[in-house]
């Protein structure tokens, strides 16, 4: 039975479908010893040999789902960083994650909190796809005290350089002497969007913690701690009846 090349790669747990497409375009994927750059190419997993970045891939049956509290100071990527910064590969070794999993989405280097990990590329693709609008909640500490006028403007949203952003929900949790603690829920997947949103209102972020992805919650996990998650809890949209 033939399947799309990017779907096969993601099913092995190597990376998500989106990342697989990037690797194909960059000439990092070989089928039967030949480099392929054709997106949408179909292969037969039982007959064809697929090699990604020098590694021959084999399909896996058992799917794994993990929630991890990513600490600050780690890049949300596997492998080594060319600037020597720590990555998830380093973190996995430190906290004992031996499963071959990849991150579902990302968290900035200086951000922390809930990160989903899996070897199930199809599920990862569903969670990350913009059309499914999976909501994510963050607790954010910003510089300065957010007044009522500014808060009301935040609720209405603002246009950033890559589009308009209006939070699904936003609350002030606490006002401190020189900072404000807020809870923000969004479904956008734009890069560093919370930081850019708050900076646009004159309140740069000093700490950002992701607490929820759909129904999956960070809970009592501390930085570096992790646990398995039941697939039933993952924010996977139900297929619409035709």
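For the range 199-209, the candidate set comprises residues that are under 19 Å from residue 109 (Cβ atoms) and out of contact with any helix residue (DSSP H, G or I) (no Cβ under 9 Å at 6 or more places or on another chain); within that set, the residue that is surrounded by the most Cβ atoms within 10 Å (Cβ to Cβ) is 209. Residue 220 meets all of the listed conditions (1) out of contact with any strand residue (DSSP E or B) (no Cβ under 9 Å at 6 or more places or on another chain); (2) modelled with pLDDT under 95 but one, namely (2). Only one of the numbered conditions (1) assigned by TED's automatic domain parsing to the domain that holds residue 226; (2) in contact with a strand residue (DSSP E or B) (Cβ under 8 Å, 6 or more places away or on another chain) is not met by residue 19, and that is (1). For the criterion of being buried (at least 16 other Cβ atoms within 10 Å of the Cβ) and either over 20 Å from residue 123 (Cα atoms) or over 16 Å from the mean Cα position of the chain (by Cα) (or both), residue 68 fails. When 57, 75 are checked against the criterion of being within 26 Å of residue 231 (Cβ to Cβ) and in contact with a strand residue (DSSP E or B) (Cβ under 6 Å, 6 or more places away or on another chain), 57 stands alone in meeting it. The criterion of at least 3 residues that are within 28 Å of residue 234 (Cα to Cα) is met by the following strands (runs of 3 or more DSSP E) wholly inside the range 1-75: 65-70.
Within the range 124-149, being part of a helix (DSSP H, G or I) and under 15 Å from residue 173 (Cα atoms) holds for one residue alone: 148.
The values are calculated or read from the model by the stated rules, or taken from the named source; none is laboratory data. Everything numeric here is computed off the predicted structure, so don't read it as measured data. In this analysis, Cβ positions are derived from the backbone assuming ideal geometry, glycine residues included, and neighbour counts consider all displayed protein chains.
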